[in-house]
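The values are calculated or read from the model by the stated rules, or taken from the named source; none is laboratory data. Computed from a predicted model, the values in this text were never measured in an experiment. When we count neighbours, we look across all protein chains shown, and the Cβ atoms used for this are built from the backbone with ideal geometry, even at glycine.
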Amino acid sequence: MRPIYVSLILAFIVTAFSHNGHAHPSLLPQPTNISSTPRLLYFHPHHFEFCNDGKESTILKEAFERYTSRIMENSYPGEGFLTSNLNSATFHDHLSHHGFSKQDAIRSVSVFVVSSDQSLGLQTSETYTLRINAPTTIIHATDVYGALRAMESLAQLSFRVKIDKDDDCFLEEDNVDVNQLHTFKFVDKENYKRKRRPIDRLVLVNETSIWDTPRFRHRGLLIDTARHFLPVSIIKSQIDAMEMSKLNVLHWHIVDDQSFPYQSEQLPELSGAGAFSSDTIYSAEDIDEIVHYARARGVRVIPEFDMPGHAASWGKSHPELLTRCGASISGGGTGSGTIFSRNNFKKLYKATTDFWFEKVGNGAAIAVGPIDPTKESTFSLIWQLLREVSTRFPDVFIHLGGDEVNFDCWSENEEITAWMQEHQDLGNDVRALLPYFIKKVIGLAEAAGKEAMVWQEALDFSSRFSRSVNGDGCFGGGGDGKSSIPRGADLQLPASTVVHVWKWASYLTSVNNILNAMQQQQQKQQDLAGRHLTTHSRRLQLNSNSLSSDASLTNHSNGGKDDDYWLAELAKVTKTHRAVLSAPWYLNLAPAGDEHTWERYWNIEPLDFKASIEQKERVLGGQACVWGELVDETNALQKTWPLAAAVAERLWSDDSVRDIDAARERMEEFRCKLLRRGVPAAPIGPGYCL
């Protein structure tokens, strides 16, 4: 029989392809502009390649190998798109005994990148055009990372169709080279000799044109390797899934109270004493491997060294860094404040508190708090660390923390209160020490060539104690009428600082309720306020001075909705600084009612606050967060995916993308694609994957 052209066969097939209303696989995130035709093309199983027609690039070379494999060997199963109108058996019957012509075969993907600049940052262009056609599919991009996004879109739109051996389906060929086969098998040696090559599957794709660009420049995922150590392989899998969903920033919360797994070459004692064990550290080689792996996939790595709070692990090797609070655990402690039993403390706060106590013998321990900001030796050590970190992580940004500081501990320390008396330019409120500390550390980071990111408290307290003229002729003021700052203090954060908005109203309501309970307990037991509560997955740290005034902000209209709070915070922050949003996207809390579902994450609108266009342009984007209190290597990927894909689409796609039913179909299919690539993503509802 004379071979029938593939276009005639595939024109018949296309009427049979439908999955949840789609004639082809979906794409997540939804691109800015996409147009597909019913015409089906197939990737030539023996002669297919990516070609670089632009600037030379090692990143592209690696990506060509990666995406050739993903398209030819790991494409989405096309059987999922067969309907009852043409079941699998009928489909194979119509394909059997027919040859395929060459006119609809994609033999190459031509990639043209304009710029030779392979640096990765906020300035990077991820815009691309993708024209899927035969015999050549064309990708255009300004930067190499735009080309990576285009290749991912091409891979997601491709799907494979299995052909039974008995169908004897073959391709008409002029030249045969068995070494160029991917996964396609010979089932008939006679056909091979006649240069008509049998196949057991085809990878198809619709003729499609795409122009795509991200809505936000910063689209991130936070991982926490301090509460639980995550092996390098798990971090790489996170990056693989980020590449799929077009996220471009890995925020690496690498150290915290519980452990210090970063192995410093200059200060090896930090991880030597502060890591969980010698096996749970990230060596210089590990970090280089992760950074290179991420960069090859268009993902920036921003490390976070949270300070002055969340630094108990630093004190394992450098106890002089931390502040001794005015309390001790019974058994011989010499703290100047209340002495209480360890068991009573744990029972009261429902927490394991050993990190925050410095043992002094005979079962006694002294409560310790944040880094002491009044010692010059503190900044000397931080400078050593930041100078090294700046060479290890190439991204221009470093996250310096600044959240959840125990101000009570500072106020209870006699050396700090004496220092405050000697430095009247800071006024009489220890809360001014936070912006004082953060501003000095930002200066060190800048000296090391970095720009700073900080949690929102750093700016909140900087603004609260900034130099605005009061009626008494002083500058500043605590915002509560209780303190003022003389003219000498300038605590405003540099304009280049990026502020990370993370609090939400129900968080502050919880804090307020706990603070009230603590005050009642204090009256009975004269216990300390401001102690750490670590088991709450939102990382609560109790401190009446730092949070009670903020907690009062939950008295908004409509019951203090979460969105009201962080939208108001964004409106405030963007008056002076650039911002990144995480408040509505704490994935580690899911599932928890209606507030932590993928639908909720997907429906968030980051710019839904009243402000000028200029202010809204200062919102760089957002991040999904996966905090590690209850997350380790056994469930990190399932906790993250596919929930993070909902955030990824909201940050990439146009704000007009609001069809939740269509999004559900994309999410379900995307989860199946994650599984095919080896990422154990959790289901979002009933269903199955082929």
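Couple of notes before you dig in:
- Of all residues in segment 50-67, those being farther than 15 Å from R297 by Cα and without any contact (Cβ under 8 Å) to a residue 24 or more places away in the chain number 0.
- Summed over segment 212-244, residues that are assigned to a strand (DSSP E or B) and of a type outside the set (V, I, T) total 7.
- L459 vs. criteria surrounded by 24 or more Cβ atoms within 10 Å (Cβ to Cβ), closer than 18 Å to S496 by Cβ and either modelled with pLDDT under 95 or in the same structural domain as S264 (by TED's automatic domain parsing) (or both): yes
- Filter pass, Q103 being modelled with pLDDT of 95 or more and in a loop (DSSP other than H, G, I, E, B): no
- Every residue from segment 542-587 that is modelled with pLDDT under 95 and in contact with a Ser or Thr (Cβ under 8 Å, 6 or more places away or on another chain): N545, A551, T554, G560, D562, D564, Y565
- Members of segment 629-684 found to be aromatic (F, W, Y) and under 23 Å from L581 (Cα atoms), listed by number: W641, W652
- Qualifying residue in segment 362-384 (condition: under 30 Å from the mean Cα position of the chain (by Cα), farther than 14 Å from I438 by Cα and at pLDDT below 95): yes
- Filtered residues of segment 109-124 (kept if hydroxyl-bearing (S, T, Y) and buried (at least 18 other Cβ atoms within 10 Å of the Cβ)): T124
- Under the condition of being part of a helix (DSSP H, G or I), free of Cβ contacts under 8 Å to residues at least 40 places away in the same chain and surrounded by fewer than 20 Cβ atoms within 10 Å (Cβ to Cβ), the residues counted in segment 247-303 number 2.
- From the list S483, S496, S466, the one residue that fits, being at negative phi, in a loop (DSSP other than H, G, I, E, B) and modelled with pLDDT of 95 or more, is S496.
- Hits in segment 626-644 - residues which are of a type outside the set (K, R) and assigned to a helix (DSSP H, G or I): A636, L637, Q638, T640, L643, A644
- Among the candidates Q615, Q623, the residue that is part of a strand (DSSP E or B), at pLDDT 95 or above and within 24 Å of I302 (Cβ to Cβ) is uniquely Q623.
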